[in-house]
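Below is one structure; the comments refer to it alone.
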Amino acid sequence: MNPAPNLILVGPMGAGKTSIGRRMAERFGLEFGDVDQAVIERCGATIATIFEHVGEAGFREREKAALAQLLDGQGRLVSTGGGAVLDCDNRRLMQRHGFVVYLRVGVDSQLKRLGRDRARPLLQRGDREQVLRDLAAIREPLYAEVADLMLDTDGLSPGTATSTLAHLLSIHWQRSECAA
């Protein structure tokens, strides 16, 4: 049992962090926050536009600030962007302020789920499958490092994944009233 004031979802794009996150927040009575959406709202621009104007490094700075703001409190479910784990300060912040769930998904499932998605800047270069494999090679160890719990979402609908995760959390997570 790992008591924590917030629930945090990490994992690659297409793992279900937002769709499962919204359902989990409702189920557990938590305020839902999506880091990517927070960046969009703060900047008044899409992620693609942010990447275009300030590059990935500029986006990551904005992502870091949005994550810190969302985790400044308790009783929240925070859905992170797939690359939030790249920053060691972000990983420490997540571990300090929440119970972290790694939603794992294979590249084949990602390709199916993201097939029509044209909004993700990192998928706009070359072979999508190779891009996803390259991202996984770098990020999977970081997701595993920060995670308190892992759920493989391959082949699961958002509803089934939510039910499964709720059951696992009832065993492994105790909501606390202050940061651990």
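Throughout, read-outs are computed from the coordinates displayed, never taken from laboratory work. These numbers come from a predicted model, not from an experiment. Using ideal geometry, Cβ is built from the backbone for each residue, glycine included, and neighbour counts are taken over all protein chains shown.
Structural remarks
- Amide proton proximity set for TYR102, modelled H, under 5 Å, gap of 5+: VAL10, ASP148, LEU149, MET150, LEU151
- With contacts taken as Cα pairs under 8 Å at a separation of at least 6 residues, the stretch 2-172 carries a relative contact order of 35 percent.
- Ranked by how many other Cβ atoms sit within 10 Å of their own Cβ, fewest first, the residues THR162, THR153, THR80 fall in the order THR162, THR153, THR80.
- Highest-fluctuation residue, VAL85, VAL105, VAL131 considered, GNM on the chain with Cα pairs under 10 Å: VAL131
- Label reach from LEU111 (point 7 Å along Cα→C-beta): in the stretch 150-167, amide nitrogens under 19 Å belong to 153-156.
- Among LYS112, LYS17, LYS64, residue whose mean-square fluctuation peaks in a GNM of the chain (springs only between Cα atoms under 10 Å): LYS112
- 3J(HN,Hα) along the stretch 90-100, derived from phi through the Karplus expression 6.51 cos²θ - 1.76 cosθ + 1.60 where θ = phi - 60°, amounts to 4, 4, 5, 4, 4, 5, 7, 10, x, 8, 9 Hz, with x in place of Gly and Pro.
- The angle between the Cα long axis of helix 47-70 and the longest principal axis of the Cα atoms of the chain comes to about 10 degrees, rounded to the nearest 10.
- Taken one residue at a time, the phi angles of the stretch 164-174 give Karplus couplings (6.51, -1.76, 1.60, θ = phi - 60°) of 4, 5, 4, 5, 4, 5, 4, 8, 9, 10, 10 Hz. Gly and Pro are set to x.
- In terms of other Cβ atoms within 10 Å, ASP36, ASP152 run from fewest to most in the order ASP152, ASP36.
- Cα-based Rg / Dmax (Å) for the stretch 2-172: 15.0, 45
- Dipole moment magnitude, nearest 20 debye, the stretch 10-123 about Cα centre, only Lys, Arg, Asp, Glu C-beta charged: 400
- Solution diffusion estimate, µm²/s, Stokes-Einstein, the stretch 4-69, Kirkwood Rh from C-alpha pairs, 25 °C, viscosity 0.890 mPa s: 190
- A helix-only calculation puts the chain at -17000 deg cm²/dmol for mean residue ellipticity at 222 nm, using -39500 (n - 2.57) for each DSSP H run of at least four residues, averaged over all residues.
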